[in-house]
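*Asks:* If you scroll down you'll find the structure; I have some questions about it.
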Amino acid sequence: MRISTLFYTLKQGFKNILRNKTFSLASIATIGACIFLFSLFYAVVANFQHMVSEAQSNIAVVVRFDPDISDSQIQEIGNLIRARVEVSKVTFISEEEAWETFKEDYLGEYADGFDGDNPLEGESNYEVFLNDVSMQKSLVTYLESIDGVRDVVRSEMVANTLSSVNSLIGYVSLGIIFILLAVSIFLISNTVSIGITVRKEEIGIMKLIGATDFVVRAPFVIEGILIGIIGSLIPIGVSYILYNNVIEYTLLEFSTLSNLLQFLPVQDIFAFLVPINVSLGVGIGFLGSFFTVRKHLKV
């Protein structure tokens, strides 16, 4: 393809946008709104999943041992647990550490009445943290089968709730993204269809004087891609400013919840959003225009 042909198609693509200002602006606004909603939805979902992940990382399965078990057996059990793929971290809590923690959390000054006694003697345990809380059931089944393990304490209701929330977020995300993409493609398709109708006579003359199919079709595809790019860049800037302001406001006004509301840094969010949004804009523009040209422009 010659350079002059490439510049011609680009020029005609820009001209098509200017010829159909109203519909082009409507398409840009719709794509911008859809991609903005996608950005907003992604930021909410990513932060929510991050918070759920942080909550999961604090959920531990507690493994307690049979009475009179030897230290070597306890160490062997620890090695077996660490070898499991479900496990992210294993912490050994001695009976002394368990008692000190219990005193600090629940007894305070009343702990002096025990006068050196340890009511939690024989209560050494392993705290086992999981990579994914949905794996808790299979891990617990395995742990209960190990010789020397007295019982396994787990937060089954919390684990099931967090797993269900993660699954729900995934399904809702896919549904909303599909709807947004469908609406955007439909809008661009209508814009390109109008452009073809307006230029029908001009296209006929071009074919009579020997214009190739590429020269006739390419400007409409370029038009769709340009609309998609413009429609993707605007919401990137708007969502960036909005995200920063919302995070600052939330942390300022709800500072007491700062341990719970652990937001992702803006650079982590937009390192993903910028290339995805531009790709979405280009993809939506290309698909909407390409298939519309093939359907309505018989050349």
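The numbers here are math on the coordinates, done by the rules we state, and not lab data. All figures in this text were calculated on a predicted structure; none of them were measured in a lab. Glycine gets a Cβ as well: all are built from the backbone with ideal geometry, and neighbour counts include every protein chain shown.
*Asks:* When the Karplus curve 6.51 cos²θ - 1.76 cosθ + 1.60 is applied with θ = phi - 60°, which whole-Hz ³J(HN,Hα) does each residue of region 68-77 get, with x for Gly and Pro?
*Replies:* 6, 6, 7, 4, 5, 5, 4, 5, 5, 4
*Asks:* Across region 276-287, in residue order, what do the Karplus-derived ³J(HN,Hα) couplings come to in whole Hz, using 6.51 cos²θ - 1.76 cosθ + 1.60 with θ = phi - 60° and x for Gly and Pro?
*Replies:* 5, 5, 5, 4, 4, x, 5, x, 4, x, 5, 5
*Asks:* May I ask you to order 244-251, 94-101 by the average number of other C-beta atoms within 10 Å around their residues, highest value first?
*Replies:* So the peptides 244-251, 94-101, ranked by packing, come out 94-101, 244-251.
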